[in-house]
1. In the list Q116, Q149, which residue meets the criterion of being farther than 16 Å from T345 by Cα and at pLDDT 95 or above?
2. When you look at D314, is it more than 23 Å from S178 (Cα to Cα) and charged (D, E, K, R), yes or no?
3. Can you say whether A196 is open to solvent by 10 Å² or more (accessible area, probe 1.4 Å), more than 22 Å from M337 (Cβ to Cβ) and not in a strand (DSSP E or B), as far as the supplied structure shows?
4. Taking region 280-292, which residues are open to solvent by less than 10 Å² (accessible area, probe 1.4 Å) and at pLDDT 95 or above?
5. Mind checking whether some residue in region 354-368 is touching an Asp or Glu at 6+ places or on another chain (Cβ under 9 Å), open to solvent by less than 10 Å² (accessible area, probe 1.4 Å), within 18 Å of Q188 (Cα to Cα) and among the small types (G, A, S)?
6. Name the residues in region 302-320 that are open to solvent by less than 10 Å² (accessible area, probe 1.4 Å) and more than 31 Å from the chain's Cα centre (by Cα), would you?
7. Can you tell me which residues in region 329-353 are open to solvent by 30 Å² or more (accessible area, probe 1.4 Å) and closer than 22 Å to N317 by Cα?
8. Only one of (1) of a type in the set (A, V, I, L, M); (2) in contact with a Gly (Cβ under 8 Å, 6 or more places away or on another chain); (3) not in a loop (DSSP other than H, G, I, E, B) is not met by L179, so which one is it?
Amino acid sequence: MNRETKKARRKNLKPTAIFLALALILPVSINALRTNIDILGAGGERLAAFAAAVNMPGAGLSILMDEVRAELGGPGEAPPQTPPVPVIPAEPPAAEQQPYQLDAREEEERPPTFGQAVESMRPLVRPRIPIQYQAQLMRENFAGREGGQVFRHGAGLIRNDTSLSNEYIQNVLQMPHSLTFSADGAPQVLIYHTHATEAFERHDSDIYDIRNTHRSNDNNINIVSVGAVMAQVLEDNGISVIHNSTQHDFPSHNRAYERSAATVNHYLEQYPSIVLVLDVHRDAIEREGRMIVKPVAEINGETTAQVMMLVGSDNGNLNMPNWRENLRFAAAFQDAMESAYPQLTRPAWLRHRRYNQHLSTGAVLIEIGSHANTLEEAVLSGQLVAQVLADFILEHTA
């Protein structure tokens, strides 16, 4: 090869060498900054490749440059990549098909089922709650006392939260209720739940977890379970009862009363023998400063959720022709509960609301405890309420 040819070749290689040097070393430097690799070590490997490339024959050098261009990609292009193909086994491993097994520690911390809790009535211990989610939970007796809009009727108290005077309400209560029951085996009582997903605390504690929604679709731990206990007590006393467990507040809480009204009408049409229509709920009590309150009373040495009845009344616009009869029954039942178990009840609350009580006589809304009461406290309360109700019905059975 003559001198001019060699000189021309070195001249042609100069821009190629610069391109290769930048192409081989620059990506290493950038990647090194990203991944903290040894720049000199990685760059040395690329420089060795560069030295070899400079002495390559023309065709080999051309191929290498094409590969470098492909690695770098064109302007605004990502380098072409072939995604890895995931390995999918024909069948999942046998271990994945097995149900998850709790270890001994988890088994101890797992709350018991409803049936286990009712059977043992043992206190439940709440797991640890992060400090940012803690609120104080306070027990309080809401038995109340006379004064202002609260007046006594028999052993019970009535809270008048209407535009009607206490004197007018007391005059209404001068007449006894006219409800009578039959022993012919036909259904006498309908228990239903407008807000069936209302649930309770699963643990007895002075600390409340503000992350709780206290709603559950599991009828073993929501207010439906309390209604089931009430129905069982009535049946055990020979009283025919229908307990409807429809979750009228799921999936939407809105218009739950409209949906439950349709349920009530259905049963009233199917069973004209029904005398009492009980909408069983639980309350929710919260004060300022994230103070959560649960209404409790000591009954027979047991901490029991207190009960409150809500009674609707007509302000002239609610079309409630039966509200006075409903009030008379509620006042008589309040008297019976307080006579049997002093401080079991909170004052019955008379309001200008319908609560579906325009559909029938003997219709009341019963609040069993609050969202801070435990399920066991509510179950105990439900048993006591139902036993008083059974005695009340049997006393007024023709």
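The values are calculated or read from the model by the stated rules, or taken from the named source; none is laboratory data. In this text, all values refer to a predicted model and were calculated from it rather than measured experimentally. Here Cβ is always computed from backbone atoms with ideal geometry, including for glycine, and neighbour counts include all displayed protein chains. Ligands, DNA and RNA are stripped out before the accessible areas are found, and what is left, the full protein with its side chains, is counted by its heavy atoms. Shrake-Rupley method; radii C 1.70, N 1.55, O 1.52, S 1.80 Å.
1. Matching residue, one of Q116, Q149: Q149.
2. no
3. no
4. Hits for region 280-292 are V280, H281.
5. Checked region 354-368: at least one residue is touching an Asp or Glu at 6+ places or on another chain (Cβ under 9 Å), open to solvent by less than 10 Å² (accessible area, probe 1.4 Å), within 18 Å of Q188 (Cα to Cα) and among the small types (G, A, S).
6. S313, M320
7. W349, R351, H352, R353
8. Condition not satisfied by L179: (3).
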